[in-house]
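For reference, the structure is listed below as C-alpha cells.
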Amino acid sequence: MNNAALVSRQDPSQLPQWSPASPGYLALENGQPRNAQAAKFAAAAKKYWWLVLLCWALVGVPISLWVYNAIKPQFTAVGTINVAPTTPNVVTGQEAATAFYSEFVRTQAELIKSPFVLQQAARDVRLARHEHFRNEADQEGYLAKSIDASPVASAQTINVIMTHEQPAFAKDVVDSVIDAYLGQRKALDDFSSLESLRILRGLRDTTIKSLDGLQNNLNTLTADGSNVWSEEARKIIADTGGALRVTLAKLEVDRAQLAATLDNLKNRPGAEEGMFRATVNPDADGQIEKWSAERIRLQMQDNVLESKRATPNHPDRIEIRAQLKTLDSKIAARKKELQDNAWAFYQANTDLDKSRRIHEASADLKALEQQIAAMRARLEESDKQARDLGNKTQPILNLREQIADAKEALKRYNDRIEVIENQNQAQGRVTALGPTVEPKTPSVDKRPRYALAANAAGIMVGMVALFLLATLNNRIATSEDLPEPMQPLVVGTVSHSGGTSASSTHNIRRKILGEEMRLVHANLLPPGSHVRRIMMVTSPTPGNGKTSIADQLATSLAKSGMEVLLIDGDLRKRDLSTRFDVGFRPGLTELLQGKQPELIQPMELLPNLRLMGAGGRFDRNPVELFQRKHIRECLDQLKDRFDCIVIDTPPTLVVADARLMAGSCDEILCVVRANMTSQKDIQQTVDALARMTGKAPKIIMNGVEHHQSYYKYKFAYTTPNERDGAAHVESGS
C-alpha cells in the first residue's frame, strides 16, 4: 500500500470503528488472508534469494566435485567367439568338455575377471579326459547310454565382456580369455573327433552283424506260413472281443436304469402321498373360509384393544385369544379330515395299476440280467482264443521289433559318422570374429546423474531453509503482510524515521522524509478539516521509532500553519525531553497534579510548535497519575489553545500508561517498524487499544525498505524550496 493511495481517501473517519463486539474485531482475531503463507514465502524469497544460492554452493557444488573425483567411469571391451556345430557328446572326456563349455557360457562375467580361473578349468578338463574311463568296456557302455541323449549343437556366438576403469586393461583381459578358450576348445574338439570315429565305426559293424542274425531267425520262424493265418485270426478275435465289450457296457447301463425305475415304483407311496396332500383343495364346502374370516375379525378386535393400551390380562383380550385358539383347532382338524378322505379315494383307484407296472419291470430286469450273463460267457471264450494264438506269434513279433531297433541304431551311427567326417574337413570350427577393440568412451558413467542429484539436493536444502525462514519469521515487512482487516488502518508508510549520515543515499532519504510525513498528515487531517484533535502516538514494543514519528508528525502539522503542542507522555524513559534537552522542567507530571506546566518553543523556525516535557521527578508509579479522572479535563484545557496535540506515550504491551491515556485522546496512532515487529504484537496492541476506546487505532509503518530508485523518484517531484526545507527535519532513532 503506497502513500498516493492513502492520500486519495476523502474521509478518514469512515475507517472501521473496532470494538470487541463488532464483526471487524472478530475478523481481526481470526481473519487471515488466504494467500498469507504464499505471500510470506514470496517476500522471503525476494529478500533471501541468496540463501538458496548459498545452500547450493555449500551442498551441491562440493558433492558434485566429490562425485567426479571419487567415482570413475567404466569402459567395456567386447570380444566375440563363433562356435560351429560340435561333435556329439559320445566319447571319452567329451562330457567334461561340454561341462566346461556350459560353465564358461554361464559364468563368463566371473571368468573374465581373472584368466587364471579359465586356465584352471582347462586343466581340470584334461585330467577328466584321461581318468574318466578305466577301460574300453566303460567307454562303450557310456557311449551306449549317452549317444541318444546328445544332440548336435547349433552354431552360436559368444560375447566375452570385461568392464573396468582402464580401457587397456579391459581389452587385455578379453583377449586373454578368448585365446585360452580357443586353445582348449580346439584340443578337445580334435580329440573327440578321432575317438568318435573309431568307436562309432566299431558299433556300426557290430549292429550290422546283429541285424543279419535277427533276420535269419525271423525267416526260420515264418517259413511254413502258419504265422500269417495265426496273425489274421488273432486280429479277428481281438476285433470280436472289442465289439462284445461295447455291447456288454450298454447292457449294464440299461440294467442300472431299469433297477432304478423298479425301486422308484416300490418306494413311491410315501412321497406320492405327500405331494397329493400338498395339492388337494382342503376347503371344498367353504367351512374353513368362514372360520378364517371369523378369525381375522377376532384378530382385528384384539389389535384395537391393544391400541387402546389394554393389557394382555384384560378380560376381553383373554376371551378373544381363547376363541382364536378354538378356531385354529377347528381349521387344522377340518384340513386333515378332507386330505385323508381324498387320499383314501385316490389310493383305492391307483393300487391295481401300480402292482401291474411293478410286475412288468421285475420281469424285464430278470431277462436283461440273463442276457448280460450270456454276453460275459462269450467274452471269456474270445479272450481265451486270443491268448492261445498270441503265444504262437509272440516270438515273431519280438524279432521284428528287435530288427526295427537295430535298423534305427544303424542309421543313427551312419549319420554321426558323416557329421564328424564333415567337421574334420571344415576349417576353423571355433574362431574369433575380429579383434577386440579398445573402448574410447565410457559405457557406464553415473557421475552426471549423481552430480545433478547433488545440485538438486543443494537447491532443495535452500528451499527448505527459505520455507522455514518464511514460516518461523512472523515479522512484517510491508503493509501487505498485515491481515486483510488491518490493512485499511494503515495511514502511511515512512522509509526511515531518524538517523543522519553523510552519504548521498541517506541525504536523499532524509529529504524525502518530510514529504512522507506530509502524506501521513494529509491522511489524518484532510484539507478543509478544522476539528481540533488530540493524537496519541504509541507502539507495541520499544524500538519502533514512535518518538521520532511523533516529533516529525508535530513538525509537519506545525509547518502547515496549525498551532501544535508536542507532549512527552513517556514519564519513564523521557526520550522526547532528552532529545530537546528540556530536563526536568515542569511538564506533564505537573499538569496531571494540577500545577502549571511550562511550554517550550523547540524550533525558532516554527513559532507555532510548542513542547511540553515529561516534567519533574515522580517517586511513585506513573500509572497513578494516568488513573486520575481529571486527565481528560487537563487535555481539554490545552485543546482550547492548540489545533492539534501530539502525545508520545510508552509502548502499549510493556506498561499500562498508553492504555489509560487512550480513552482521553481523539486519535490513536500505532507506530510499527518493518522487519522488527511481529504480527502477533500488532494484533495484541490493536486489540488492547480497541477495548479501551471502542475504536481501532491507525497504523504508521516505519522503516519500510525501498530501492534507491524509489527515493530518487520521490525526490524528483519536490520543489527546490521543499528540498531545502526538508533538510531541517532531522531526528534521533
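What does the extension gain come out to for R620 and K384, with contour length at 0.36 nm per residue minus their alpha carbon separation?
70.8 nm
Which residues' amide hydrogens lie under 5 Å from the amide hydrogen of N702, considering only partners 5 or more residues apart or on another chain, with H built in the peptide plane?
V494, V672, R673, A674
Could you give the length gained on full extension between T471 and A293, defined as 0.36 nm per residue of separation minus the Cα-Cα distance, in nm?
Here the segment from T471 to A293 would lengthen by 55.7 nm.
Full extension from R198 to K47: what is 0.36 nm times the residue separation minus their Cα-Cα distance, to one decimal in nm?
My answer for the length gained is 45.0 nm.
State log₁₀ I(q)/I(0) for the range 523-612 at q = 0.14, 0.20, 0.23 Å⁻¹ as given by the Debye formula over alpha-carbon point scatterers of equal weight, solvent excluded.
These q points yield log10 I(q)/I(0) values of -0.53, -1.06, -1.31.
At 7 Å along Cα-to-Cβ for each site, give me the label-to-label distance between S560 and E705 in nm.
3.2 nm
Using mean Cβ contacts within 10 Å as the protection proxy, how do 590-601, 643-654, 481-492, 366-377 order, highest first?
Result, highest mean first: 643-654, 481-492, 590-601, 366-377.
Based on other C-beta atoms within 10 Å, arrange H314, H630, H530, H521 from fewest to most.
H530, H630, H314, H521
Between A38 and N398, what is the label-to-label distance in nm when each label sits 7 Å out along the Cα-to-Cβ direction?
Here the answer is 9.9 nm between the modelled labels.
Explain nothing, just the number: relative contact order of the range 603-701, from Cα pairs under 8 Å at least 6 residues apart, as a whole percent.
Result for the range 603-701 is 24 percent.
Given labels modelled 7 Å from the Cα in the Cβ direction, how far is it in nm from D263 to E633?
The modelled label-to-label distance comes out at 12.6 nm.
How would I396, I199 line up from fewest to most surrounding beta-carbon atoms within 10 angstrom?
Fewest to most other Cβ atoms nearby, the residues stand as I396, I199.
Between their Cα atoms, which of K573/K698; K639/K698; K47/K446 are more than 27 Å away from each other?
K47/K446
Based on other C-beta atoms within 10 Å, arrange T685, T311 from fewest to most.
Placing the least packed residue first, the sequence is T311, T685.
Can you compute the FRET efficiency between R447 and I208 using 1/(1 + (r/R0)^6), with r the Cβ-Cβ distance and R0 = 60 Å? Round to the nearest 0.05.
0.25
Please report the equivalent ellipsoid semi-axes of the range 568-612, computed as sqrt(5 x eigenvalue) of the Cα gyration tensor, largest first, in whole Å.
Over the Cα atoms of the range 568-612, the ellipsoid semi-axes are 18, 13, 7 Å.
Each reported figure results from applying straightforward, stated rules to the coordinates on display, with no laboratory input. Predicted model only: the values in this text are computed from it and were never measured. We place every Cβ from the backbone using ideal geometry, glycine too, and count neighbours over all the protein chains shown.
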